[in-house]
Structures are given as C-alpha cells and as structure tokens.
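Step one of this worksheet: look at the structure below.
The numbers here are math on the coordinates, done by the rules we state, and not lab data. The model shown is predicted, which means the values in this text are computed figures rather than measured ones. Virtual Cβ from ideal backbone geometry, glycine too; neighbours counted across all protein chains shown.
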Amino acid sequence: MLGKIVLCGLALCATGAVLLGGRAPRVSRETHAASGQVRRAQPVAEHPRNVIEAASAAGGRAPLVLAPVVQAESPTSASEPVSAREVHALVEALRDDTVRGNALRALRRLQEADVSALPTLERALFSDDEQQRSLAACAQVRFPEACSPELARVLLGILTPPPGRRFFEASARPWHAGVGRAGVDERWVAFLALQRDARLFLHVQLELEERLRGDDPILRFDAARLVLAHPEARERAEAIRVLVEHLADNHIADDAAISMRYLGKLGREALPAVCAALPGRDEQSARLLAHFLAHVEPTHPSAHRLSPKEISRMGFPAGDMLVPR
C-alpha cells in the first residue's frame, strides 16, 4: 500500500512539472506579443505644414505648400519679429548651398518680415546667383509696394526655362528633393504676380507680346493668359487666337480645359477667333469650338452642346468647362 502511495505522489509531481513547463513558454510569447503591441501603438510625430493659399481665377491649382524641414539651429523663434540684421543673413541664405533646406527655411522666415526688408530683397534681384534672384522675387511679391521693373524682369525670367530644359524641371531644385519635393513653386508664384499686378505686367508687356508669336507653345500659352488678365492690354485678339489654338490635342497637360474656361469668361469677345478657327485643327478642337458656339452663338450652324458624358469621354474633368464655378 505504501508503495502505491509513493508511486501516486511521484506521478502527481511529474504531471505538475509538465503542466508548469508547458505554461511558461506561452506566458513568454504572450508577454512578448503584448510588448510588441505597445511599441506599435506609439504615435508617429507629424510635422505641421505651412500652407499659403494660391487661388487662381483659372482654377485647377493646388495650394502653395512649404514643406516641413528640420528646424534651423537658431534660438530665434518664428513668432519673433524679423530684425534688419536677420534679413541680411536670410537673403544670403537664399543662395545655392549644400545645406539641405537652408534656402527654404530662409524663405519661410522672410515670409514673416515686414516692409523694411524690401530694400535688401530688391538688391538681391541683381545677384549673380539665379536661385537667390528667384527666391528673393518670391519673397517680394507679398508686398503691395513691390512693383519695380527689376522684379518684373526676374519674375518673367522664372517663367523662361534655360535652353534644353522643360518647365517641370524649373522648380525641381536639388534641395526640393531633400525636403520631399514640396518646396515653393517659383513658376506659379511668378505667374500669379504678373497676372494680378498690372504695374508688374506693364514692365514686361512688350516681351509677353513677342512670346504670343514665338515658337514655344508653352511660352505662348502663358503669355496669352497673362495678356488676357489685363483688360487694357493691347494684344488681346492675338492672345485669344493662341487660346483657340490650344483647344487642339497638343499633349500639354490641361491646356485645352484651361483655354475653354478662359474663352467661356471672354464670351462674345472670343467669337471672331473661334469662327476663324472652324472647323478646327483636329477632332477635339472641332468639338470644343462647337461646344463654345452652343453657349455663345447657339444659332451658328456648327453649334453643338456636348453632354457631360461626352466631355468625360474626351478625357476632361466631369462637368461643363464653360459653366462658371
């Protein structure tokens, strides 16, 4: 009997050891999984973005975004006024350099400067450094007092890519790539400044009129829209002709839709150029010309209103491009 009791005790001890041995690994795995969940649950810090609204009468443009960058190693707070001494250092930082985001940080800080920064920014327009000239001009256009001939010349230079370069490369500077390629779009800033300010436009009106008859379709397209933004411009008829030319499928992104919106706002002023272009350079332009006539001169033999489905099938955004937005 005693032997049976001993054997039963040994069996119970062995069973307990097995149970305890099997429990330990499970506890360890669960603890490890829980710790992993805690690590994954930690929030990722997000950098705030500084968004400058860049609304356009033509529409279709995104807000101008200054990308987040590493904070500058400076005790100066962004909320503190920009001193005259700091303005000189910031304008100097607009030059080409090897510090990632340095020029962009300087531009962001200059956006907070007051009108006393204008003389220093104006001098930077004569710099031998192309980046410094362009970014100084971008910093200047926020001031209503900035309307010098040199500012207009630099802005027009931003809209003129060097030979052999395309416009999409004009704003893709190396430091843009370093901060996520979301820096300031100098080309759009320059276009809006010349579009909105008649004083700046008058300084470069002759050059823009020459571009209306040039060989580069993009330069012609930009010049036409800038000329038509100013009611007193001399070459409005030629600018309208350029817009009508861009109703054809010429592989420039969005130019046909943008041209239609401009022509819709011009209304009967564009009618002579539209009638002169009939029947159109290709199927796309013929259909868009007929659609314009259906709105402006519905009794014309070529007038034909496109349905929303037809507009979408042609590859344009949904909705009538001639209906005011």
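Sort 299, 160 so that the residue with the fewest other Cβ atoms within 10 Å of its own Cβ comes first and the one with the most comes last. Walk me through the numbers on the way to the answer.
On the way: 299 7, 160 16.
By the 10 Å Cβ count, ascending: 299, 160.
Along the positive direction of the dipole of the stretch 204-325 (beta-carbon charges: Lys, Arg +1; Asp, Glu -1; about the Cα centre), which of 217, 317, 231 reaches farthest?
Ranked along the dipole, the leading option is 317.
If I model a spin label at residue 114 and residue 253 as a point 7 Å from the Cα along the Cα→Cβ vector, what separation in nanometres do I get?
For the pair residue 114/residue 253, the computed spacing is 4.1 nm.
Run the dipole for the stretch 204-325 about the Cα centre, Lys and Arg Cβ at +1, Asp and Glu Cβ at -1, nothing else charged, and hand back the magnitude in debye, nearest 20. Each step should come with its number before you reach the end.
Numbers: 16 positive and 19 negative charges, 104 e Å.
With only Lys, Arg, Asp and Glu charged at Cβ, the dipole is about 500 debye.
Just want the ordering: 266, 125, from fewest to most Cβ atoms lying within 10 Å of their own Cβ. If you can, show how the numbers build up before the last one.
Details: 266 19, 125 22.
Fewest to most other Cβ atoms nearby, the residues stand as 266, 125.
Rank the residues 197, 222, 216, 128 as a footprinting-exposure proxy: fewest other Cβ atoms within 10 Å of their Cβ go first. Before the final figure, lay out the partial values.
Values: 197 20, 222 23, 216 12, 128 7.
Final ranking by Cβ density, sparse to dense: 128, 216, 197, 222.
Evaluate Rg over Rh across the stretch 204-325, taking Cα atoms for both radii and Kirkwood's formula for Rh.
Details: Rg = 13.8 Å, Rh = 14.5 Å.
We get a ratio of 0.95 for the stretch 204-325.
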